[in-house]
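Heads up: the structure comes next, in structure tokens.
Quick note: the coordinates plus some simple rules give every number you see, no bench work behind them. Nothing here was measured: the structure is a model prediction, and the numbers come from that model. In this analysis, Cβ positions are derived from the backbone assuming ideal geometry, glycine residues included, and neighbour counts consider all displayed protein chains.
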Amino acid sequence: MKKKDLHIDGIDKIILKNLMNDARAPILRIAREVGISGAAIHQRLRKLEKSGLLAGSKFVINPKILGYKTLAFVGIFLDTSSTYKDALKRLKEIDEVIESHYTTGNYAIFVKLLCRDNEHLMQVLNKQIQGIKGVSRTETFISLDQQIDRQIKI
């Protein structure tokens with residue numbers, strides 16, 4: 001099925017909203033809510049998975065419980081764009097890097113880091129990221145509080 005052929009009706013939206021809110025929501029509870037069988041819910045979920053709309057399900061770990069209390073974003077400037085692939089390969093080896101984006105604008109790469117504290121962040125920046133060949137400098141933004149955390153509205 002091509003993505004452009006995907007049609008999401010009201011029942012699909014109810015199913016998706018329930019599962020986006022809680023991926024462990026019982027299928028039978030959702031089935032009762034929409035008035036169709038559990039088997040029909042499973043069929044619709046298979047259709048949505050095949051379409052590529054559902055990228056998977058996962059448990060979300062609270063990093064603060066594990067002692068990771070500093071969230072930062074780092075803009076990385078590269079000497080030349082030809083060093084991008086090697087820099088990215090090295091960034092993938094740094095466990096604290098949890099997201100990486102190849103961007104337009106001032107930075108070649110924009111990463112999201114999770115560290116235990118500011119001292120840990122400084123070590124990751126100074127000893128790991130800034131030591132990558134091709135990285136000319138970095139600019140760091142520490143997140144003081146996350147106000148919005150949501151998925152795209154369906």
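Rounded to the nearest 0.05, the FRET efficiency derived from the C-beta distance between residue 54 and residue 141 at R0 = 41 Å is 0.80. Out of these labelled values of Cα extents along the principal axes in Å, (1) 53, 24, 23; (2) 37, 34, 32; (3) 58, 37, 24, which was calculated from the coordinates shown here? The calculated read-out lines up with (3). For the peptides 137-149, 20-32, the ranking by packing is 20-32, 137-149, with the highest mean count of neighbouring Cβ atoms within 10 Å listed first. Simple rule: put +1 on each Lys or Arg Cβ and -1 on each Asp or Glu Cβ in the chain, find the dipole, and look at 61, 23, 8; the Cα lying farthest toward the positive end is 8.
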